[in-house]
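> For reference, the structure I am asking about is given below.
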Amino acid sequence: MEKVKAKKHLGQHFLNDENIAQKIADSLTLVGYQTVLEIGPGMGVLTKYLLEKPITTFVIEIDTESVTYLQNHFPKLDGKIIAKDFLKYNLSEVFGTEPFAIIGNFPYNISTQIVFKTLELRHQIPEFSGMFQKEVAERICEKKGTKAYGILSVLTQAFYEAEYLFTVSEHVFIPPPKVKSGVLRLRRKENYQLPCDEKMFFSVVKTAFNQRRKTLRNSLKTYQLSDNLKEDSIFDLRPEQLSVEQFIELTQKIAADGV
């Protein structure tokens with residue numbers, strides 16, 4: 001069968017470098033799970049290295065042409081190809097409540113949505129590894145005090161240890177994207193249950209960063225804070241000056257203020 005043609009509307013750029021595919025596969029620690037789900041395998045350049053590992057590999061692929069290619073070239077994937085949209089599919093239909101890792105060369109146009117879905121499923125996903133547009137990978141792993149630090153950084157790092165692993169040139173893809181890529185690994189924290197209301201934590205982080213140039217006293221006005229709480233020095237800061245722990249502390253203070 002001929003090779004699969006990359007489709008622009010699916011954000012497909014097929015990795016064409018075996019060494020990098022091997023490095024991405026090897027970024028998995030294989031600790032805490034027996035199953036891995038690869039998102040968007042395309043023609044299986046990464047898949048073949050996953051299939052060599054002592055784990056069960058599933059793939060999820062929305063492109064019917066890629067699905068046919070994988071069925072023809074990877075007999076080991078028989079019964080393990082999910083021809084669905086990762087963002088819309090209920091993964092418990094395949095995995096139940098079992099833990100599984102996620103890996104992939106993620107389409108740039110949905111990569112942040114993939115991270116947010118992973119956060120929703122964090123109770124089942126102890127590890128996440130893969131390739132993003134370089135700026136997005138850096139943003140996820142960024143520490144406080146920089147322009148790149150934002151909603152994605154705080155929400156991901158609240159539950160996972162984020163590690164930027166290496167940068168990938170645009171020239172190893174077909175077709176080459178206009179930007180460089182970055183590979184990262186997320187390992188779920190031992191204590192990933194937040195000591196505050198999670199829904200409120202997400203809301204506080206998003207509300208604060210939606211007006212990131214303002215101090216928290218101004219950006220969090222919608223919470224109708226008491227005058228007493230507004231005097232707290234934490235409200236003199238802008239959101240990018242707060243660590244994940246300080247955002248947790250801030251959420252606790254806002255919750256207690258309304259009691």
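> Taking interchain pairs and intrachain pairs at least six residues apart, which have beta carbon atoms under 6 angstrom, with the first residue in segment 221-247 and farther than 11 Å from residue 154 by Cα and among the charged types (D, E, K, R) and the second open to solvent by 20 Å² or more (accessible area, probe 1.4 Å) and assigned to a helix (DSSP H, G or I)?
Sorted first by the residue in segment 221-247, then by its partner, the pairs are 230/217.
> Here is a further query. Pick out the one residue from 163, 245, 231, 170 that is within 24 Å of the chain's Cα centre (by Cα), more than 30 Å from residue 105 (Cα to Cα) and surrounded by fewer than 15 Cβ atoms within 10 Å (Cβ to Cβ).
Values: 163 fails: more than 30 Å from residue 105 (Cα to Cα); 231 fails: within 24 Å of the chain's Cα centre (by Cα); 170 fails: more than 30 Å from residue 105 (Cα to Cα).
When all the criteria are applied, what remains is 245.
> Let me ask something else about it. Contact list please: Cβ distance under 7 Å, first residue in segment 117-133 and among the small types (Gly, Ala, Ser), second residue assigned to a loop (DSSP other than H, G, I, E, B), pairs at least six apart or on different chains.
129/27; 129/28; 130/106
> Follow-up question, since we're still on this one. Which one of 180, 221 is modelled with pLDDT under 95, open to solvent by 80 Å² or more (accessible area, probe 1.4 Å) and under 21 Å from the mean Cα position of the chain (by Cα)?
Numbers: 221 fails: under 21 Å from the mean Cα position of the chain (by Cα).
Of the residues listed, the single one that is modelled with pLDDT under 95, open to solvent by 80 Å² or more (accessible area, probe 1.4 Å) and under 21 Å from the mean Cα position of the chain (by Cα) is 180.
> So, one more: Given the structure, is residue 123 open to solvent by 70 Å² or more (accessible area, probe 1.4 Å) and modelled with pLDDT of 95 or more?
Details: open to solvent by 70 Å² or more (accessible area, probe 1.4 Å): yes; modelled with pLDDT of 95 or more: yes.
So residue 123 passes the test.
> If I filter segment 68-97 down to residues being aromatic (Phe, Trp, Tyr) and part of a helix (DSSP H, G or I), which single residue comes out as farthest from the chain's Cα centre (by Cα)?
So the first thing to find is which residues in segment 68-97 are aromatic (Phe, Trp, Tyr), and the list is 69, 74, 86, 89, 95.
Now restrict to residues that are part of a helix (DSSP H, G or I): 69, 95.
Values: 69: 27, 95: 19 Å.
Among residues in segment 68-97 that are aromatic (Phe, Trp, Tyr) and part of a helix (DSSP H, G or I), the one farthest from the chain's Cα centre (by Cα) is 69.
> Kindly evaluate residue 216 against the criterion of being more than 30 Å from the chain's Cα centre (by Cα) and surrounded by 14 or more Cβ atoms within 10 Å (Cβ to Cβ). Show your work before the answer.
Numbers: more than 30 Å from the chain's Cα centre (by Cα): no; surrounded by 14 or more Cβ atoms within 10 Å (Cβ to Cβ): yes.
The answer is no for residue 216.
The values are calculated or read from the model by the stated rules, or taken from the named source; none is laboratory data. Being a predicted model, the structure only gives us computed values, none of them experimental. Here Cβ is always computed from backbone atoms with ideal geometry, including for glycine, and neighbour counts include all displayed protein chains. What goes into the accessible areas is simple: the full protein's heavy atoms, side chains included, and nothing from ligands, DNA or RNA. Shrake-Rupley method; radii C 1.70, N 1.55, O 1.52, S 1.80 Å.
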